[in-house]
Every structure is written in C-alpha cells, then in structure tokens.
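J.: The following block contains the structure, expressed as structure tokens.
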Amino acid sequence: MARKSFADLHREVSRRYPTGQTPGGVSVDDIVQLRLQNSWDSHLDIARDMAKVMRADMAGYDADASKFTQSLGCWSGFHAQQMIKAVRRMRGTAKGTYVYLSGWMVAGLRNRWGHLPDQSMHEKTAVADLIAEIYTSLRQADEVAINDLFRALKAAKTGEERQAAIAAIDGFETHVVPIIADIDAGFGNEHATYLLAKELIKAGACCLQIENQVSDAKQCGHQDGKVTVPREDFIEKLRACRLAFEELGVDEGVIVARTDSLGAGLTQKVPVSQRPGDLAAEYIKWLKTEAITAENPIRDGELAIFRDGEFVKPARLPNGLFPFKEGTGRARVIEDCIANLTEGGADLLWIETDTPNVDEIAGMVAEIREAVPNAKLTYNNSPSFNWTLNLRRQVREQWLAEGRIKATDYPEGNELMKADYDATDLGREADARLQRFQTDISARAGVFHNLITLPTFHLTAKSVDELSRGYFGEEKMLAYVKTVQREEIRRGVSAVKHQHEVGSDLGDTFKEMVSGERALKAGGHANTMNQFAAE
C-alpha cells in the first residue's frame with residue numbers, strides 16, 4: 001500500500017482544523033502521527049497488500065534467480081518482530097523477507113491441548129490466531145518506530161531539522177511483511193478447507209500452503225506413514241483456497257501446493273477414472289498390484305481393477321490403505337506438481353524431500369519445467385535434516401568418485417559428524433556448500449522461496465539451555481550478562497531496552513497528546529532504561 005506522505009496528511013487534517021488543533025486541543029501533528037501509525041484498516045487489507053508484494057517478488061525472481069526470498073518459521077509475534085528488526089538492522093530493509101507460519105510449531109507450541117505432534121492435532125483457530133498475533137506485533141513495531149521519528153520531529157529546533165525529521169518519517173519502511181501460512185491438509189473436506197482458508201486470510205495471510213495428504217491421517221512431512229489423496233481431490237482443495245481469496249478480494253493471493261509423494265507410500269482410496277490418461281488413471285497406474293491367477297484368485301470382499309488389458313488386485317493393508325509400487329515417489333512428484341499448476345491453479349510448488357540435495361531437486365524441477373516453464377518452488381530447509389552429516393557425505397561421495405580421496409581417508413557413517421572433521425578439507429567444503437546451498441538451489445532448481453520451518457523452536461531450546469546451564473551452575477549472573485545482555489548491547493538489539501520495545505515511550509507520547517504538561521510519564525530520569533541511552 002502506498003503510504004500517504006506527512007505533507008499530504010498534514011494538509012488533509014489541517015483543512016478540517018485550520019487553527020492547528022481540534023476544538024478539544026489535540027494537535028494536527030498528533031493526529032497525523034496516529035494516522036501514520038495505523039496504516040491498515042484491517043488485517044484483510046494487509047493480506048491484499050502483501051499479496052501484491054509477493055507477486056512483485058515472484059516477477060523479480062523470474063527475471064533474476066538471484067533474487068530469491070527467505071523466511072524463518074516463527075511461533076509467536078515477538079519472534080517475528082525480532083526477526084524483521086534484525087534483518088532491517090543488517091540490510092537496511094526487510095524486502096525479500098517473509099514470515100513462515102508452521103503448522104508443526106502451532107501443534108507443538110501453540111496448542112491448548114499441550115505439546116502435540118504435527119498430525120493436525122491443534123484446534124483450527126490456532127493458526128488464524130497466530131497470524132493475527134504476528135501482524136499485531138509487526139504493526140506495534142511500526143508504532144514504536146514512528147513514535148521515535150515523531151519525537152525527533154517535536155524536538156526539531158530549526159526548519160532544516162524539521163524537514164529532515166519529516167523526510168525520515170516519509171522514508172519509513174514498515175515491519176509488515178508477507179506471511180506464508182501452513183493450512184496443513186485442510187482440516188477436513190474441501191468446504192472445511194475453504195472456511196478455514198477464509199479465516200487465515202482475514203487474519204492477514206496473503207499466501208496459503210496446503211499439502212496433498214489425507215486430512216484425517218496427516219503426518220509430519222519427515223515422518224513415515226504418509227497417505228496421499230488422489231490428485232483430483234487435492235485440486236478441489238486448491239480451488240477452495242482460490243475461492244476464499246477471491247471472495248475476500250485478495251485477487252493476487254498466492255497458493256503453495258505441497259506434494260509429499262516422494263516419501264508417501266500409501267493412498268486412502270482408488271479414484272474413479274473416466275477415460276485413459278486422466279488424473280485418476282495417472283494416479284492408479286502407480287498402485288502396487290497382484291496378478292489374479294488360479295493360485296491367487298479374487299476372493300469375496302477383495303477389489304479388482306482393469307489395467308493394461310487385464311484385471312489385477314490392488315494390494316491392500318489391514319487398515320484398508322493402498323500401497324504404491326516401490327520406487328515410484330519421484331515420478332508421482334513430477335505428475336503431482338504439473339497437475340497442481342495446470343489443473344489446480346497453484347502459484348508455487350513445495351516438494352518435501354528426505355535429504356537436502358541440490359541435484360535431486362534440480363532434476364525434478366527440470367522435468368516439471370518441460371511442461372510448465374516458469375514453475376517455481378518454496379523449499380523447506382528443514383531442521384529434520386542432519387545438515388552436517390548429509391553435506392559431508394555428499395562431499396565424500398563426490399570426492400571418492402573423482403578419485404580425490406581414498407575410502408579410508410574419511411569414515412562412511414555417522415562418525416563424520418564428529419567435531420574432529422570440522423577443520424578438515426572435507427568439513428570446510430561441506431560448510432562452504434551449506435553457505436551457498438540456498439543460492440545454488442534457487443539458481444539451479446527454481447526455488448523462489450527458502451524457508452526453515454522450525455528454527456525458533458530449536459533456537460529457543462538451545463538458548464534457554466545455554467542460559468540455564470550457566471545461571472543455575474557456576475556463572476550465576478555472569479551467565480545472563482555474558483550470553484544475553486552484553487550481546488544485545490553490542491549488536492544493537494533494540495529489545496535490550498525492553499520497556500521501550502513494548503511501547504512504554506509510545507504510552508508516554510499518548511499521555512502527552514491528551515494531558516499535555518499534566519502527563520505522568522514513565523520515561524523520566526528515574527527510568528532505568530536510561531542506562532542504555534548511550535548505546
């Protein structure tokens with residue numbers, strides 16, 4: 001959304017109050033500040049604006065594959081707020097940075113029923129609630145920052161200082177960025193998916209990510225026992241998401257179609273094929289079947305399908321699920337992705353893999369792009385991968401094939417994880433590949449968006465463990481100061497002034513707006529946050 005300039009807003013308000021203040025004594029400058037702090041009427045407006053941002057980023061990536069985007073999975077508004085602030089401090093802008101909202105972390109950490117696995121075991125409203133919380137936190141970061149800019153304006157003593165302060169206000173960039181929201185497998189049938197999608201969009205989501213697993217048997221993408229649905233069933237859910245965007249006027253809403261077929265060996269039902277080569281027939285052809293013979297006759301209660309000129313029995317497990325033929329996952333992924341783009345109207349693909357391998361993803365994308373040349377991916381740089389071990393194994397295998405090392409130079413198994421190999425040629429090469437992994441996969445494999453699903457889960461666990469070990473151990477207060485506060489100060493992390501971070505100065509400003517000199521302010525000389533003023 002194009003933010004109105006200070007001058008435009010000032011003229012607009014001054015036309016109503018030419019004396020410079022309201023009859024009640026509120027100043028025009030104060031009204032302009034509050035208008036700028038409240039840039040969106042609703043979170044639905046955020047969804048509309050962020051969809052445009054995401055579409056522009058996608059077009060930028062199509063023109064230059066080095067312009068990929070990134071996100072970290074956040075399970076609270078504060079995590080998202082601090083991530084965006086860190087990016088802005090480092091880059092001067094948050095452009096190209098999104099927030100990923102992981103269903104795994106909602107189930108595990110934002111679930112009123114406790115810490116539960118990623119099996120759609122959280123209440124439907126929890127994801128929408130978290131989206132709303134994240135945008136509330138990002139908007140609050142805007143309010144605090146704009147308030148600081150207006151304080152500088154009020155402190156300006158010359159016309160030149162005032163113009164510089166106004167220029168800073170007009171040049172302000174919002175902390176609000178797109179959210180990619182995980183709607184799991186849709187939490188029910190296509191109508192349930194549509195209803196939930198609307199709630200996520202109204203909460204602010206401009207992008208929905210949905211997977212082709214069965215809703216009532218949904219598993220984490222990196223666990224066993226995954227069950228996929230026939231392609232036409234999944235396409236109906238993609239259409240449900242699109243209708244939700246359209247109904248709410250988010251015309252440029254983005255849908256990420258995720259396929260779990262690479263690691264899913266089961267399906268829940270055999271779809272009905274209307275003609276050779278349709279979506280159902282292409283799905284059925286991968287089913288594991290048995291020949292019907294005198295030794296293996298068809299029995300009461302068993303199913304038979306006609307394929308390649310004869311009747312065969314699809315294999316069936318005691319729970320009624322149908323297994324696919326072994327080794328067919330990759331081919332099913334290719335077909336899934338093409339169907340999701342061409343039949344389902346998806347905008348981006350997500351291929352869930354079991355290891356981080358640029359060559360593997362690039363090979364699949366090359367085949368998909370034969371049918372859909374501009375196919376683009378969102379890729380899960382998952383903490384479920386042992387990145388160190390995987391990359392070291394890849395380097396070892398390549399160097400062995402090239403004759404650069406002997407098999408005895410480096411171990412083959414998990415021993416490669418040892419710190420002993422950190423400073424070796426192999427360890428350094430694996431780390432170099434880790435550093436450029438996202439660049440490589442974006443350039444070679446059509447990955448528009450790189451995300452890490454669960455980083456703040458692991459970071460919180462590690463950070464609290466680190467602090468607890470020292471604080472409850474020998475270091476006591478030194479542990480907190482050394483591992484937290486000193487680092488906050490030296491890195492310029494704004495949260496070190498925790499009162500300011502949560503809006504204490506914002507509260508003082510409002511008191512001044514309505515009370516003038518009578519305002520009882522928290523930010524006076526006795527405020528201990530003044531100890532950080534020189535930092």
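J.: Here's a check for you: in the range 86-122, which residue that is of a type in the set (D, E, K, R) and in contact with an Asp or Glu (Cβ under 9 Å, 6 or more places away or on another chain) is surrounded by the most Cβ atoms within 10 Å (Cβ to Cβ)?
T.: At the first step, the residues of the range 86-122 found to be of a type in the set (D, E, K, R) are 88-89, 91, 95, 110, 112, 118.
Imposing the further condition that a residue be in contact with an Asp or Glu (Cβ under 9 Å, 6 or more places away or on another chain) reduces the set to 88, 95, 110, 112, 118.
Details: ARG88: 17, LYS95: 16, ARG110: 20, ARG112: 8, ASP118: 23.
Across the range 86-122, the extreme among qualifying residues is ASP118.
J.: Let me ask something else about it. Taking TYR283 as meeting all but one of (1) out of contact with any Gly (no Cβ under 6 Å at 6 or more places or on another chain); (2) part of a loop (DSSP other than H, G, I, E, B); (3) closer than 18 Å to GLU326 by Cβ, write down the number of the exception.
T.: (2)
J.: Quick check: anything in the range 79-93 under 19 Å from ALA197 (Cα atoms) and either aliphatic (A, V, I, L, M) or at pLDDT 95 or above (or both)?
T.: First, the residues of the range 79-93 that are under 19 Å from ALA197 (Cα atoms): none.
Within the range 79-93, none of the residues are under 19 Å from ALA197 (Cα atoms) and either aliphatic (A, V, I, L, M) or at pLDDT 95 or above (or both).
J.: So in the range 467-513, with the set limited to residues that are among the polar types (S, T, N, Q) and without any contact (Cβ under 8 Å) to a residue 60 or more places away in the chain, which one is surrounded by the fewest Cβ atoms within 10 Å (Cβ to Cβ)?
T.: First, the residues of the range 467-513 that are among the polar types (S, T, N, Q): 468, 483, 485, 494, 499, 504, 509.
Narrowing further to those that are without any contact (Cβ under 8 Å) to a residue 60 or more places away in the chain: 468, 483, 485, 499, 504.
Working: SER468: 11, THR483: 16, GLN485: 14, GLN499: 15, SER504: 18.
Here the residue is SER468.
J.: While we're on this one: Considering the range 432-466 alone, what residues qualify as being more than 30 Å from TYR480 (Cβ to Cβ), of a type outside the set (S, T, N, Q) and free of Cβ contacts under 8 Å to residues at least 24 places away in the same chain?
T.: From the range 432-466, those more than 30 Å from TYR480 (Cβ to Cβ) are 432-451; that's our starting set.
Imposing the further condition that a residue be of a type outside the set (S, T, N, Q) reduces the set to 432-434, 436-437, 440-441, 443-449, 451.
ALA432, ARG436, listed by residue number.
J.: Identify the single condition in (1) under 24 Å from HIS43 (Cα atoms); (2) part of a helix (DSSP H, G or I) that GLU173 does not satisfy, given that it satisfies every other one.
T.: The failed condition is (2).
J.: For the range 438-466, give me each residue that is hydrophobic (A, V, I, L, M, F, W, C), over 16 Å from the mean Cα position of the chain (by Cα) and buried (at least 19 other Cβ atoms within 10 Å of the Cβ).
T.: Within the range 438-466, ILE441, ALA445 qualify.
J.: Something else about it: Of all residues in the range 52-79 being of a type in the set (S, T, N, Q) and out of contact with any Gly (no Cβ under 8 Å at 6 or more places or on another chain), which is surrounded by the fewest Cβ atoms within 10 Å (Cβ to Cβ)?
T.: Of all residues in the range 52-79, those of a type in the set (S, T, N, Q) come to 66, 69-71, 76.
This time we only want the ones that are out of contact with any Gly (no Cβ under 8 Å at 6 or more places or on another chain), so: 66, 71, 76.
Working: SER66: 9, SER71: 24, SER76: 17.
The selected residue is SER66.
J.: If you don't mind, there's one more thing I want to ask. Scan GLU335, GLU295, GLU326, GLU343 and give me the residue that is without any contact (Cβ under 8 Å) to a residue 60 or more places away in the chain and of a type in the set (D, E, K, R).
T.: GLU295
Each row is one residue, and each column tells you yes or no for (1) assigned to a strand (DSSP E or B); (2) buried (at least 22 other Cβ atoms within 10 Å of the Cβ).
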site	(1), (2)
ALA346	no, yes
TRP350	yes, yes
THR355	no, no
ARG369	no, no
ASN374	no, no
PRO383	no, no
GLN398	no, no
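J.: Does the range 271-288 contain any residue that is more than 30 Å from TYR379 (Cβ to Cβ), surrounded by fewer than 18 Cβ atoms within 10 Å (Cβ to Cβ), of a type in the set (Lys, Arg) and not assigned by TED's automatic domain parsing to the domain that holds ILE210?
T.: The answer is no, given that none of the residues of the range 271-288 is more than 30 Å from TYR379 (Cβ to Cβ), surrounded by fewer than 18 Cβ atoms within 10 Å (Cβ to Cβ), of a type in the set (Lys, Arg) and not assigned by TED's automatic domain parsing to the domain that holds ILE210.
J.: For VAL53, indicate whether it is at pLDDT 95 or above and either in the same structural domain as SER5 (by TED's automatic domain parsing) or under 18 Å from TYR379 (Cβ atoms) (or both).
T.: no
J.: Return a yes/no flag: does the range 295-311 have any residue that is touching a Phe, Trp or Tyr at 6+ places or on another chain (Cβ under 8 Å), of a type in the set (A, V, I, L, M) and part of a loop (DSSP other than H, G, I, E, B).
T.: Initial filter on the range 295-311 (touching a Phe, Trp or Tyr at 6+ places or on another chain (Cβ under 8 Å)): 298, 304-305.
Add one more test, that the residue is of a type in the set (A, V, I, L, M), and what stays is 298, 304-305.
This time we only want the ones that are part of a loop (DSSP other than H, G, I, E, B), so: 298, 304.
Yes: one or more hits.
J.: Shifting gears a bit: Filter the range 400-430 for residues that are part of a helix (DSSP H, G or I) and surrounded by fewer than 17 Cβ atoms within 10 Å (Cβ to Cβ) and give the result. It would help to see each step written out before you state the result.
T.: Our first condition is that a residue be part of a helix (DSSP H, G or I); within the range 400-430, this holds for 400-402, 414-417, 419-421, 425-430.
Residues satisfying the conditions are LEU400, ALA401, GLU402, ASN414, GLU415, MET417, ALA419, ASP420, ASP425, ARG428.
J.: Considering only the range 312-336, how many residues are outside the structural domain of ALA366 (by TED's automatic domain parsing), among the charged types (D, E, K, R) and either in a helix (DSSP H, G or I) or touching a Pro at 6+ places or on another chain (Cβ under 9 Å) (or both)?
T.: Matching residues across the range 312-336 total 1.
The values are calculated or read from the model by the stated rules, or taken from the named source; none is laboratory data. A quick note: this is a predicted structure, and the numbers were derived from the prediction, not measured. For neighbour counting, all protein chains shown are included, and Cβ atoms are generated from backbone atoms with ideal geometry for every residue, glycine included.
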